[in-house]
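Undergrad: Sending over a structure as structure tokens; questions will come in a sec.
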Amino acid sequence: MQPRTPKIGRPARLSHELIVATAMQSDLATLTMRELAGRLGVSHSALYRWVADRDQLLDLISETMVERILPEGEPTEDSWRDWLAELAWSMHDQFLAVPGYATHVARPHRHNAASFARLRDRVVGAFRAAGCDETAAEQSWIVYGLSVVQWVGAVESAGELHGLAPRFDLFLDVLLRGLPVRPSPGRPRPPA
């Protein structure tokens, strides 16, 4: 097979990395694709050759965020709680560093399947390292993920907490002491 001859012409002015970096310097709650194109110094149509729509842009941002927040190394029986604390602090710091991102992820929306699965699998792995069976690990992931994301989203949209947001370290300590989810002892149902 013959090697391909490089294309001749101007080098690309855009890349997914540049688009994401520029978008993350804006308020994602109000950023439009037209505004993003202007910030990049390209036409609206040139941007759409790289990113199909706002949903794809948010998917690319989510991929970047997951890459930034996931701790290195795998959680173990001895390190799972510290690993989850490190992840939560990374979510706190990174999500709040990009205006509008914490609020976006705290609202119901279509998740980037690949980055969401990567995050979910690593957190479930942490709860498995803590000794949970698969069902308890999944339940613990739901409690952990929803709690951290909702707390950070509420802090970003400060009005929801009426200025009374607890310190994140206190919130995280209480959350992690209550996790992982333990099997229910089978409480009796109240009479009908």
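The values are calculated or read from the model by the stated rules, or taken from the named source; none is laboratory data. Predicted, not measured: the structure shown is a model, and the values here were computed from it. Note that we place each Cβ from the backbone using ideal geometry, even for glycine, and neighbour counts take in every protein chain shown. The protein model used for the area step is the full one, side chains on, heavy atoms only, and it has no ligands, DNA or RNA in it. Shrake-Rupley method; radii C 1.70, N 1.55, O 1.52, S 1.80 Å.
Undergrad: Which residue is surrounded by the fewest Cβ atoms within 10 Å (Cβ to Cβ), if the candidates are limited to region 44-67 and must be small (Gly, Ala, Ser) and either in contact (Cβ under 8 Å) with a residue 12 or more places away in the chain or not in a helix (DSSP H, G or I) (or both)?
TA: Applying the first criterion (small (Gly, Ala, Ser)) to region 44-67 yields 45-46, 52, 62.
Checking which are either in contact (Cβ under 8 Å) with a residue 12 or more places away in the chain or not in a helix (DSSP H, G or I) (or both) leaves us with 46, 52, 62.
Working: Ala46: 14, Ala52: 11, Ser62: 21.
This residue is Ala52.
Undergrad: If Ala29 passes every condition in (1) outside any helix (DSSP H, G or I); (2) buried (at least 16 other Cβ atoms within 10 Å of the Cβ) but one, which one does it miss?
TA: It is condition (2) that Ala29 fails.
Undergrad: Looking at region 94-108, is at least one residue among the charged types (D, E, K, R), touching a residue at least 24 places away in the same chain (Cβ under 8 Å) and open to solvent by 60 Å² or more (accessible area, probe 1.4 Å)? Break it down stepwise before answering.
TA: Going through region 94-108, the residues among the charged types (D, E, K, R) turn out to be 107.
So of that shortlist, the ones also touching a residue at least 24 places away in the same chain (Cβ under 8 Å) come out as 107.
With open to solvent by 60 Å² or more (accessible area, probe 1.4 Å) added as a condition, the list becomes 107.
Yes - at least one qualifying residue is present in region 94-108.
Undergrad: Given the criterion under 30 Å from Phe171 (Cα atoms), at pLDDT below 95, among the charged types (D, E, K, R) and out of contact with any strand residue (DSSP E or B) (no Cβ under 9 Å at 6 or more places or on another chain), identify the matching residue among Arg68, Arg110, Arg81.
TA: Numbers: Arg68 fails: at pLDDT below 95; Arg81 fails: at pLDDT below 95.
Exactly one of Arg68, Arg110, Arg81 is under 30 Å from Phe171 (Cα atoms), at pLDDT below 95, among the charged types (D, E, K, R) and out of contact with any strand residue (DSSP E or B) (no Cβ under 9 Å at 6 or more places or on another chain), namely Arg110.
Undergrad: To continue, here is another question. Filter region 69-91 down to the residues that are surrounded by 15 or more Cβ atoms within 10 Å (Cβ to Cβ) and not hydrophobic (A, V, I, L, M, F, W, C) and list them by number. Break it down stepwise before answering.
TA: Kept after step one, since they are surrounded by 15 or more Cβ atoms within 10 Å (Cβ to Cβ), are these residues of region 69-91: 69-71, 75, 79-81, 83-91.
Of everything in region 69-91, those that are surrounded by 15 or more Cβ atoms within 10 Å (Cβ to Cβ) and not hydrophobic (A, V, I, L, M, F, W, C) turn out to be Pro71, Pro75, Ser79, Arg81, Glu86, Ser90.
Undergrad: Would you check which residues across region 137-182 are among the aliphatic types (A, V, I, L, M), open to solvent by 30 Å² or more (accessible area, probe 1.4 Å) and at pLDDT below 90 and list them?
TA: Across region 137-182, the qualifying residues are Val155, Ala158, Leu161, Leu164, Ala165, Val181.
Undergrad: Which ones in region 68-77 are assigned to a loop (DSSP other than H, G, I, E, B) and either under 22 Å from Ala102 (Cα atoms) or of a type in the set (Gly, Ala, Ser) (or both)? Write out each step before concluding.
TA: Step one: list which residues in region 68-77 are assigned to a loop (DSSP other than H, G, I, E, B), which gives 70-77.
Correct list: Leu70, Pro71, Gly73.
Undergrad: Can you tell me which condition Arg34 does not meet? The list is (1) more than 23 Å from Ala154 (Cα to Cα); (2) open to solvent by less than 70 Å² (accessible area, probe 1.4 Å), and all the others hold.
TA: (2)
Undergrad: Still on this structure, I have one more. Please work out if Ala29 is closer than 20 Å to Gln94 by Cα, out of contact with any Asp or Glu (no Cβ under 6 Å at 6 or more places or on another chain) and modelled with pLDDT of 95 or more. If you could, list the steps in order and put the result at the bottom.
TA: Details: closer than 20 Å to Gln94 by Cα: yes; out of contact with any Asp or Glu (no Cβ under 6 Å at 6 or more places or on another chain): yes; modelled with pLDDT of 95 or more: no.
Spelling it out, it is not the case that Ala29 is closer than 20 Å to Gln94 by Cα, out of contact with any Asp or Glu (no Cβ under 6 Å at 6 or more places or on another chain) and modelled with pLDDT of 95 or more.
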